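S.K.: Encoded as structure tokens, here's the structure I'll be asking about.
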Amino acid sequence: MSFTKITFSQIFEAQSNIFDESLEKNDLTEILNLINSTIYIQEKIIEKDTELEPLMNEIVSDVISVVSTSLQGHYRLSVSGLRNILEISCSAIFYFDHKIEYLLYRDHDYKADKYVSTLINEYHFFKTSYIKTFYSNIITKERGLDSCSSYINKTYAKLCDVVHGRYLTLTRAQELKIKYDQSQFSKFMSMLEYTLGALFIMYILRFNDFENSNIMNIVKKTNTLKDE
């Protein structure tokens, strides 16, 4: 659908058509696995710390939201939402070990200003030395020094490019139409997997849980840990 003058009924009809085409042309099994793996992590972390439930609920809700948005053809908006998922994911794992900061954030509504780059640069978040404080044999598992923090930082940089509208991330440069685009949907699926890979890495290392095969399949793709 191209734009001249538009009504909400036309928008909803176009989105519905894109949704149907998205389901028809793609095997969404892997996306469902990603959603269910995120729910698995949510449940496991809440078991260990119920106070983090608001953040973990938000992560799951946002994952479902960006998937739904992409299925309706809003690809750039979906990828933009992934940055928020990464930021909240890093915050949740960080706050698990930093209770005072979490209570200030929750009870006094402190600014959510511990961005991914800040956590890595100022708190050494998920650098090798950081991981060693709770996972002593990380040296035998990590592919190289600071592999995990480098992956998280690289993911954040890619998502920031989209959020800030770097030219090559634009999806309407050629024309303004609401339509299904296989290439853009595939890019979203790739970035969804790439982003959740960061959450999955943090989860398995922080909580020493290497048992979920769906999670481990994504972690292997991140190339941050050595092959067993």
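S.K.: Any chance you could give the angle, 0 to 90 degrees and rounded to 10, that helix 213-222 forms with the longest Cα principal axis of the chain?
M.R.: Roughly 90 degrees between the two axes.
S.K.: How much length would be gained if the chain were fully extended between Ser150 and Tyr115, taking 0.36 nm per residue of separation minus their Cα-Cα distance, in nm to one decimal?
M.R.: 11.1 nm
S.K.: Sketch the reach of a paramagnetic label on Asp161 as a point 7 Å from Cα along Cα-to-Cβ, and name the residues of the stretch 69-83 whose backbone nitrogen lies under 18 Å away.
M.R.: Answer for this model: 75-83.
S.K.: Another one. Name the residues whose placed amide hydrogens come within less than 5 Å of the amide hydrogen of Phe125, ignoring near sequence neighbours (fewer than 5 apart) on the same chain.
M.R.: Placed amide hydrogens put Ile120 under 5 Å from Phe125.
S.K.: Report, by chain and number, residues whose modeled amide H sits under 5 Å from the one on Leu225, excluding near sequence neighbours (fewer than 5 apart, same chain).
M.R.: Hits under the 5 Å cutoff: Arg143.
S.K.: Separation between the Ser9 and Ser213 pseudo-spin-labels, each 7 Å from Cα along Cα→Cβ, expressed in nm?
M.R.: Rounded to a tenth, the inter-label distance reads 5.0 nm.
S.K.: If packing is taken as the average count of other Cβ atoms within 10 Å, what order do 113-125, 192-204, 145-157 fall into, highest mean first?
M.R.: 192-204, 145-157, 113-125
S.K.: Would you calculate, for the chain, the mean residue ellipticity at 222 nm contributed by helices, counting each DSSP H stretch of 4 or more residues as -39,500 (n - 2.57) and dividing by all residues, to the nearest 500? If you can, show how the numbers build up before the last one.
M.R.: On the way: 11 runs with 157 residues, N = 228.
Only helices count here, giving -22500 deg cm²/dmol.
S.K.: Modelled label-to-label distance, Tyr123 and Asn26, 7 Å Cα→beta-carbon offset: nm?
M.R.: The modelled label-to-label distance comes out at 3.2 nm.
S.K.: Moving to a separate point now. Skipping prolines and chain starts, which residues have an amide H placed within reach, meaning under 5 Å, of the one on Asn26, given they are 5 or more residues away or on another chain?
M.R.: Here nothing satisfies the definition.
S.K.: Which trypsin sites (Lys or Arg not before Pro) from the stretch 1-82 combine a DSSP loop assignment with at most 12 other Cβ atoms within 10 Å?
M.R.: Lys5
S.K.: Shifting gears a bit: What FRET efficiency, computed as 1/(1 + (r/R0)^6) with R0 = 30 Å and r the Cβ-Cβ distance, is obtained for Lys48 and Leu77, rounded to the nearest 0.05? The partial results should precede the final answer.
M.R.: On the way: r = 33 Å, r/R0 = 1.10.
That gives a FRET efficiency of 0.35.
S.K.: Dipole magnitude of the stretch 23-82 about its Cα centre, charges +1 at Lys/Arg Cβ and -1 at Asp/Glu Cβ only, in debye to the nearest 20?
M.R.: Rounded to the nearest 20 debye, it is 280 debye.
S.K.: Another question, if that's okay. Less than 15 Å Cβ to Cβ from Glu47, Lys/Arg counted +1 and Asp/Glu -1: what total charge do the surrounding residues give?
M.R.: My count for the surroundings of Glu47 gives -3.
FYI, it's all coordinate maths here, none of it is from the lab. No experiment lies behind these values; they were computed from the predicted model shown. Backbone-built Cβ (ideal geometry, glycine too); neighbour counts: all protein chains shown.
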